[in-house]
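Laboratory data are not the source of any read-out in this text; all were calculated from the coordinates shown. Not measured: the values here are computed from a predicted model. Quick reminder, even Gly has a Cβ in these numbers, built from the backbone with ideal geometry, and neighbours come from all protein chains shown.
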Amino acid sequence: MRTVLHAADISRALTRIAHEVLESNKGADRLVVLGIPTRGVALADRVAELISSISGTRVPSGALDVTMYRDDLARHPTRTPAPTSIPEGGIDGVTVVLVDDVLFSGRTIRAALDALGDIGRPRAVRLATLVDRGHRELPIRPDFVGKNLPSASHERINVRVVEYDGEDAVTIEEV
Ligand code: 5GP
Ligand code: MG
């Protein structure tokens with residue numbers, strides 16, 4: 001097992017992403033940051049917090065569960081949904097920044113777009129991911145990337161966050 005991002009690298013990457021979101025959105029106005037459970041939610045909360053402290057404007061964050069929108073639900077019928085929590089005010093007319101820990105085939109994000117469509121109509125949806133490991137199966141690409149980590153299919157990327165795992169680290173291992 002090899003560590004590819006240490007805690008300080010993750011912290012720098014999230015700070016950079018916060019600055020990039022602010023630049024592309026031309027400020028913190030009408031922004032909502034939504035994480036995909038589980039670890040995406042912790043990362044989304046941190047990005048929203050960073051954007052808020054950099055800009056001085058409070059940017060809300062929440063969670064978007066996509067379980068019921070997956071195209072492989074029939075193959076994994078025991079998957080248990082996680083809570084969705086949309087900030088007060090909803091998502092109509094705002095820019096939603098989706099945050100996930102790892103981007104792989106793109107199917108989770110496709111499901112997330114479907115889930116969002118049932119909640120409201122954002123003016124735009126952007127995608128931030130801590131790790132882009134490649135192997136896309138759909139025409140989806142991230143707008144903000146912590147680290148591009150070209151990986152083999154037999155490799156597993158472990159994302160550990162303080163909120164759930166007691167430490168921040170990204171490791172890669174053969175499986
Ligand atoms: P996708 O739907 O793009 O194939 O996969 C993305 C989702 O699966 C993300 O929510 C991510 O958490 C999880 N995922 C896919 N590959 C990996 C991986 O190598 N490591 C981790 N930690 N999660 C992965
Ligand atoms: Mg995940």
Item to check | Karplus-derived 3J(HN,Hα), 6.51/-1.76/1.60, for each residue of region 63-73, Hz, glycine and proline x | outcome: 10, 10, 7, 10, 3, 6, 9, 6, 7, 10, 4
Next on the checklist: For region 100-172, I need the span (max minus min coordinate) of the C-alpha atoms along each principal axis, in Å, sorted largest to smallest.
Outcome noted: 36, 28, 17
Item to check | Calculated SAXS-style log₁₀ I(q)/I(0) at q = 0.20 Å⁻¹ - region 9-74, Debye, Cα scatterers | outcome: -0.75
Checklist outcome for this item: Along region 139-150, Karplus-curve 3J(HN,Hα) (6.51, -1.76, 1.60; θ = phi - 60°) to the nearest Hz, with x for Gly and Pro, reads x, 10, 9, x, 8, 9, 10, x, 8, 7, 10, x
Checklist entry - With each run of n ≥ 4 DSSP H residues scored as -39500 (n - 2.57), what mean residue ellipticity at 222 nm is computed for the chain after dividing by its residue count and rounding to the nearest 500 deg cm²/dmol? => result -9000 deg cm²/dmol
Checklist entry - Across 5 Å bins from 0, what is the distribution of all Cα-Cα pair distances for region 23-175, in whole percents? => result 2, 9, 18, 22, 22, 16, 8, 3, 1, 0
Next on the checklist: I'd like to verify something in the chain: which complete DSSP H helices, judged by Cα projection on the helix axis, reach 20 Å or more and average at least -1.0 on the Kyte-Doolittle scale?
Outcome noted: 7-25, 39-55
Item to check | Interatomic Cα distance distribution for region 1-113, bins of 10 angstrom, percent | outcome: 14, 42, 31, 12, 1
Next on the checklist: Students often get this wrong: which residues of region 79-102 have the backbone nitrogen under 19 Å from the point 7 angstrom along Cα-to-C-beta of residue 1?
Outcome noted: 101-102
Checklist entry - Which whole-Hz ³J(HN,Hα) couplings does region 126-137 yield from phi under the Karplus relation 6.51 cos²θ - 1.76 cosθ + 1.60, θ = phi - 60°, glycine and proline marked x? => result 10, 10, 10, 9, 5, 10, 9, 9, x, 6, 5, 10
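How long is the gain from residue 113 to residue 154 if the chain were fully straight, where each residue apart is worth 0.36 nm and the alpha carbon distance is subtracted?
Numbers: separation 41, 0.36 × 41 = 14.76 nm, distance 2.77 nm.
Working it through step by step, the gained length comes to 12.0 nm.
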Next on the checklist: Could you tell me the calculated FRET efficiency between residue 92 and residue 15, based on Cβ-Cβ distance and R0 = 25 angstrom, to the nearest 0.05?
Outcome noted: 0.30
